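What follows is one structure encoded as structure tokens, with my remarks underneath.
The values are calculated or read from the model by the stated rules, or taken from the named source; none is laboratory data. Everything numeric here is computed off the predicted structure, so don't read it as measured data. When we count neighbours, we look across all protein chains shown, and the Cβ atoms used for this are built from the backbone with ideal geometry, even at glycine.
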Amino acid sequence: MADSAAGYPANAQIPVDLFVSKKHPGLTRGDLGFADASGNIVFKVDRKSSKSSADKRVLLLDSEGNPLISMHRHHDGSWEGFKGDKDEKDLIFRVRRKGKTEFEVFLDDSASELKLKGSAFQKSCTIYKGNAIIAQTSLMYKLRQLFVRRDKFRLTIFPGFVDHALVAALIVIFHGG
């Protein structure tokens, strides 16, 4: 999954910023997008497919619309992520809520490897692997701005963790699926 988006620098030695919003050009209404600094869509989120099943289903797509990760929310609030669109044999991760502002992520049926902590209302989330910070989200501030808009926020992925699609999927889950 490290090279999930064609031409995307998965092994960057500097932090990578993606800008998350529903108002990117080229997105259908209501879909969430992850854009690079040039405004090019890197990942899209498709929620339309979730309306037909009892469990919530969300797709993370690359810039061309190819499915990367299919995320399924279960009635108990846990999530599972699978590679691709329909095949539920290739489990990538399981996410379990561990309180109001914390999630545990289990990769490949192993012990908890990642933790998500933050505030969905403030659009702040930090992903940890042990004590190391993998990625972080924050609101977009402007000078002389009285009210901070919550419809667009920044995702910073730090060097060393190469699966940007996995990070994007976890951010979608943390901020409400």
Query raised in the report: Going by the structure shown, is Phe158 of a type in the set (A, V, I, L, M, F, W, C), modelled with pLDDT of 90 or more and on the phi < 0 side of the Ramachandran plot?
Result: yes
Pairing a residue in region 63-90 that is exposed (fewer than 15 other Cβ atoms within 10 Å of the Cβ) with any residue that is acidic (Asp, Glu) and at pLDDT below 95, where Cβ atoms lie under 7 Å and the two sit 6 or more apart in sequence or on different chains, gives His74/Asp55; His75/Asp55
Looking across region 91-131 at residues that are touching a Lys or Arg at 6+ places or on another chain (Cβ under 8 Å) and exposed (fewer than 12 other Cβ atoms within 10 Å of the Cβ), the single one that is modelled with the highest pLDDT is Phe121
Pairing a residue in region 132-143 that is over 13 Å from Ile171 (Cα atoms) with any residue that is at pLDDT 75 or above and surrounded by 15 or more Cβ atoms within 10 Å (Cβ to Cβ), where Cβ atoms lie under 7 Å and the two sit 6 or more apart in sequence or on different chains, gives Ile133/Thr126; Ile133/Phe158; Leu139/Lys123; Leu139/Phe153; Met140/Lys152; Met140/Phe153; Met140/Arg154
